[in-house]
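Notes to accompany the following structure.
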Amino acid sequence: MADSANFALRCDNLHRYLGQDDARVHVLKGVSFEARRGQVYAIVGPSGCGKSTLLYLLGLLDQPDGGEIEINGSKMSNTDDLARTAARGEHIGFVFQFHFLMLEFTALENVMMPMRKLGRLSLPEMTDRAHSLLASVGLGEKTHRLGTQLSGGEQQRVAVARALANQPSIILADEPTGNLDVKNSALVFDLLTRLAKENGQAVVLVTHNPEIAQRCDLTRPMRDGLFV
Amino acid sequence: MSPNLRIALRFLTAKKRAMLMSLSCTVLGVGLFVLTQATTSGFEEFFIKTILGTDGAMRIEDKIQDTLRQMTAGGGSDFQISQRQGLKYIEGVEEPKLIINALKDFSNVSGAAPVLRGSVLVRADFKNESAQVFGISLEEHLKVSDLGRQIVQGDVATFREQPTGALMGRVLADRLQLSTGSTFILEAQGQRMRYTVSAIYETGVADIDKMRVYVHLSEARSLLKKPSGVSFVQVNLFEKDRAPQNSIQIQDVLKHSAKPWQEREKSWLSTFRALRISSAITVSVFTLIAGLAMFNTLAMIVLEKTKDIAILRSMGYERRDITQIFLWQAGIVLAIGAFLGCVVGALSTLGVSYMPLPISGIFKTETFVVSWNIWHYVQAIATAALMVMIASLIPARRAARLEPGDIVRGTAQ
């Protein structure tokens, strides 16, 4: 049994149903998973197998119908919305497939947004960190561009910088390269893994891309709501 | 600036057209509310000023006589039952000087003047008219009325110097075709006395201007054959609104009926109040529309910003933050709308105050009468705030209830 302190994220016997009445589907059928700091995990599988549902549960964006979730040693399964929200802000960074930038805000403001909410840093410190993160994803020259003035690849790089803003211990990425060309896919993946490794963060990503999956430390294939 | 306010501002500026629509509805609602309250209150206040300037804040008239029926048990017993039989009034004030002296002990009383009233027939060369003669002590009366300022022809000084001078209402003077310097006869109690029109006054109240002739008190005593006592004592107060409380105290102490102006003018005041409330309700519809516009705009933003809500929630923003972001948007529109609405209201009130509108009958004015009262602005802002915030709460709460997982799943799949 591995030392639990090395695990940023654990889940045990997770169940999740979606839909109602006749349309109710048992999407996750008792999934267990662990993610160690400094490691990159790929969850792969066909569409509808429950990869994204699992990711949202691990990211506390959704609530399981059964099972346990542990974030940095704290059980989160039966906590209220406020505790889950606080845990998301402090421990988890998300990268979504469709970038999900707030388009009325500049790249800099998007990166600063989680920091403003957490309130750990002063405004100059937040600004410095946001500049540094954007520089590390290669957007140091475009910090003041609005989301609408950035290309898809650039938007996704801003999203990566934003996910790292609060130095979370867990990065969850749902098809982070799914909407990008080969060049940008490689760029974003390299960034994500490099920065995560540097900071000792656990990265869990859901992907359909076998090349990306192969480059991860561990690949967990899923089928019909279970790891196979 | 808080993160929520910053986000709210950016969301607002991103939906300029919809927000401008909500803003203009709020401005219109607040502005119209202020304007209607200013005009209806203006006429009401002007009416009050007119009647206070004519008949004073209070009248003390008719002595109160307590009637106490007593029944004593027979057979040398001391047992006795006393029962009040209600109040009896003895017409007029028998000792006006005593009453006026006693009134000096009431701190809110600013002046008191005796008035002797009686019905007369006014005979002029042209025609005769029924009227009421008011015998006044000029200097005292000027302290309890605006009679001096109501003179439209001639002057008070002439009346002061002429023992047989009279102040005649404009309508009555017109009917009798009298002007200053003209003479006429007052007939009462079977005797006739000749007077000269010293000045003509106009209160604007038709019932007064067509009926009242003011003469010196001593002349009225001779004419009405009433050597002592007066019909009533007209009282003026420093704080007019305290008239009802003061009248109760005065009635208790002086044992004379004391009628405050609020009771005397009850029917007109009720009419004005009804008008004010009715116009406030009508104008509240505009603020209701402002609320609906805000509801519509925010509901639209919530629909368009579900993704952003999910992002914010994934970054650690609480439900409370989401509610705040949308309430901030409503609050910003409300604050700007209320400010601009007040400016629009004030400017339109100013414009309306110059609008020609000749009115006479219950008061006399040539232009729209408006009232400048800070409470109209407070009420307008409060009404708009209530409507807009209630209307905003629904979409704001809806936004806060959205589950980030549902949003992301819906978009991602």
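The values are calculated or read from the model by the stated rules, or taken from the named source; none is laboratory data. None of the values given here were measured: they were computed from a predicted structure. Glycine gets a Cβ as well: all are built from the backbone with ideal geometry, and neighbour counts include every protein chain shown. SASA here: full protein model, heavy atoms, side chains in, ligands and nucleic acids out. Shrake-Rupley method; radii C 1.70, N 1.55, O 1.52, S 1.80 Å.
Here is a check on your reading of the model: is residue A:85 in contact with a helix residue (DSSP H, G or I) (Cβ under 8 Å, 6 or more places away or on another chain), of a type in the set (Val, Ile, Thr) and over 21 Å from residue A:197 (Cα atoms)? It is true that residue A:85 is in contact with a helix residue (DSSP H, G or I) (Cβ under 8 Å, 6 or more places away or on another chain), of a type in the set (Val, Ile, Thr) and over 21 Å from residue A:197 (Cα atoms).
Given the condition closer than 26 Å to residue B:240 by Cα, open to solvent by 60 Å² or more (accessible area, probe 1.4 Å) and either assigned to a strand (DSSP E or B) or of a type in the set (Gly, Ala, Ser) (or both), answer yes or no: does some residue in the range B:116-133 qualify?
Scanning the range B:116-133, I find at least one residue that is closer than 26 Å to residue B:240 by Cα, open to solvent by 60 Å² or more (accessible area, probe 1.4 Å) and either assigned to a strand (DSSP E or B) or of a type in the set (Gly, Ala, Ser) (or both), so the answer is yes.
Say whether the condition of being open to solvent by less than 50 Å² (accessible area, probe 1.4 Å), outside any loop (DSSP other than H, G, I, E, B) and either at the interface with chain B (Cβ under 10 Å from one of its Cβ atoms) or of a type in the set (Val, Ile, Thr) (or both) is met by at least one residue in the range A:31-39. Yes, the range A:31-39 contains at least one residue that is open to solvent by less than 50 Å² (accessible area, probe 1.4 Å), outside any loop (DSSP other than H, G, I, E, B) and either at the interface with chain B (Cβ under 10 Å from one of its Cβ atoms) or of a type in the set (Val, Ile, Thr) (or both). Among the residues of the range B:220-263, the ones that are loosely packed, with under 15 Cβ neighbours inside 10 Å and of a type in the set (A, V, I, L, M, F, W, C) come to 3 in all. In a residue-by-residue description of the range A:40-61, the property of being outside any strand (DSSP E or B), of a type in the set (A, V, I, L, M, F, W, C), more than 11 Å from chain B (Cβ to nearest Cβ) and more than 17 Å from residue A:8 (Cβ to Cβ) applies to at least one position. Candidates in the range A:152-176 are the residues that are in contact with a strand residue (DSSP E or B) (Cβ under 7 Å, 6 or more places away or on another chain) and among the charged types (D, E, K, R); of these, the one that is farthest from residue A:119 (Cα to Cα) is A:175.
Against the numbered list (1) surrounded by fewer than 22 Cβ atoms within 10 Å (Cβ to Cβ); (2) more than 21 Å from residue A:31 (Cβ to Cβ), residue A:219 comes up short only at (2). Which residues, taken from the range B:134-154, are farther than 23 Å from residue B:230 by Cβ, touching a strand residue (DSSP E or B) at 6+ places or on another chain (Cβ under 8 Å) and assigned to a helix (DSSP H, G or I)? Hits for the range B:134-154: nothing passes.
What helices (runs of 4 or more DSSP H) completely inside the range A:90-204 contain at least 1 residues that are within 13 Å of chain B (Cβ to nearest Cβ) and crowded, with 24+ Cβ neighbours inside 10 Å?
A:107-118, A:152-164
Whenever a residue of the range B:306-332 is more than 13 Å from residue B:5 (Cβ to Cβ) and in a helix (DSSP H, G or I), its partners that are open to solvent by 10 Å² or more (accessible area, probe 1.4 Å) and of a type in the set (Val, Ile, Thr), lying with C-beta atoms within less than 6 angstrom and at least six residues away or across chains, give the pairs B:306/B:407; B:310/B:407.
The one condition from (1) open to solvent by 10 Å² or more (accessible area, probe 1.4 Å); (2) more than 30 Å from residue A:161 (Cβ to Cβ); (3) of a type outside the set (Gly, Ala, Ser); (4) modelled with pLDDT under 80 that residue B:294 does not meet is (1). Per the listing B:148, B:154, B:169, B:165, the residue uniquely in the same structural domain as residue B:208 (by TED's automatic domain parsing), open to solvent by less than 50 Å² (accessible area, probe 1.4 Å) and on the phi > 0 side of the Ramachandran plot is B:154.
Summed over the range B:191-203, residues that are surrounded by fewer than 17 Cβ atoms within 10 Å (Cβ to Cβ) and of a type in the set (S, T, N, Q) total 1. Residues that are touching a Lys or Arg at 6+ places or on another chain (Cβ under 7 Å) and small (Gly, Ala, Ser) do not occur anywhere in the range A:69-88. Among the residues making up the range A:193-214, a single one is over 17 Å from residue A:177 (Cβ atoms) and of a type in the set (A, V, I, L, M): A:202. In the set (1) surrounded by fewer than 20 Cβ atoms within 10 Å (Cβ to Cβ); (2) facing another protein chain (nearest Cβ under 10 Å); (3) over 16 Å from the mean Cα position of the chain (by Cα), residue A:83 fails one condition alone, (2). For the range B:180-190, filtered to residues that are in contact with a helix residue (DSSP H, G or I) (Cβ under 8 Å, 6 or more places away or on another chain) and open to solvent by 50 Å² or more (accessible area, probe 1.4 Å), the residue that is nearest to residue B:141 (Cα to Cα) is B:180.
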